[in-house]
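Taking it in order: structure first as structure tokens, then the write-up.
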Amino acid sequence: MKGITAKPSNKKYIIKSFLDNMELIQQRKNGIYLLHQIISLPKNLEISRNKQKEYLDSMTREWIEKIYPSQMSFYVIHEDKEHYHSHIALTVNSV
């Protein structure tokens, strides 16, 4: 997995990494440079919130490694809803 290791608060570094990668992609009209995926757990799971977060973190990493092994990626787990979910940003090109 070609993930960016950064704290979500380090927005400048994350954005710069993705913008630098965009320069490597052949530009075309209406071209796509970034994919956004969400993995969401169901509400009211009968396991602790900590276990849910651990499971979602592991599941997100495994999903990226299996589906997008050579793309640059970054994800954040959101806890602001009744259910945990991860937002994943991925490049469209291999890194």
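Restricting attention to segment 45-95, which residues are polar (S, T, N, Q), under 11 Å from the mean Cα position of the chain (by Cα) and assigned to a helix (DSSP H, G or I)? Selection gives THR60 alone. Residue-level check: of (1) over 23 Å from ASN93 (Cα atoms); (2) loosely packed, with under 13 Cβ neighbours inside 10 Å; (3) of a type outside the set (D, E, K, R), PRO8 misses just (1).
Any chance you could count how many residues in segment 28-44 are surrounded by 10 or more Cβ atoms within 10 Å (Cβ to Cβ), assigned to a loop (DSSP other than H, G, I, E, B) and either modelled with pLDDT of 85 or more or touching a His at 6+ places or on another chain (Cβ under 9 Å) (or both)? Don't jump to the end; show me each part of the working.
First, the residues of segment 28-44 that are surrounded by 10 or more Cβ atoms within 10 Å (Cβ to Cβ): 31, 33-35, 37-41.
Restricting the remaining residues to those that are assigned to a loop (DSSP other than H, G, I, E, B) gives 31, 33, 41.
Filter once more, so that each one left must be either modelled with pLDDT of 85 or more or touching a His at 6+ places or on another chain (Cβ under 9 Å) (or both): 41.
Matching residues across segment 28-44 total 1.
Taking the numbered list (1) closer than 16 Å to PRO8 by Cα; (2) in contact with a strand residue (DSSP E or B) (Cβ under 6 Å, 6 or more places away or on another chain); (3) not hydrophobic (A, V, I, L, M, F, W, C) in turn, GLU79 passes all entries but (2). Of everything in segment 1-21 that's touching a residue at least 60 places away in the same chain (Cβ under 8 Å) and assigned to a helix (DSSP H, G or I), which residue is farthest from VAL76 (Cα to Cα)? In this case the residue turns out to be ASN21. Mind counting the residues in segment 60-85 that are of a type in the set (Asp, Glu) and modelled with pLDDT under 90? The number of residues fulfilling the criteria is 3. The set of residues in segment 44-76 being over 17 Å from TYR33 (Cα atoms) and aromatic (Phe, Trp, Tyr) consists of TYR55, TRP63. Would a scan of segment 48-57 turn up a residue that is at pLDDT 90 or above and acidic (Asp, Glu)? Yes; the residues of segment 48-57 include at least one that is at pLDDT 90 or above and acidic (Asp, Glu).
The values are calculated or read from the model by the stated rules, or taken from the named source; none is laboratory data. Model, not experiment: these values are computed from the prediction. Methodologically, a virtual Cβ is constructed for each residue, glycine included, from the backbone with ideal geometry; neighbour enumeration extends over all protein chains shown.
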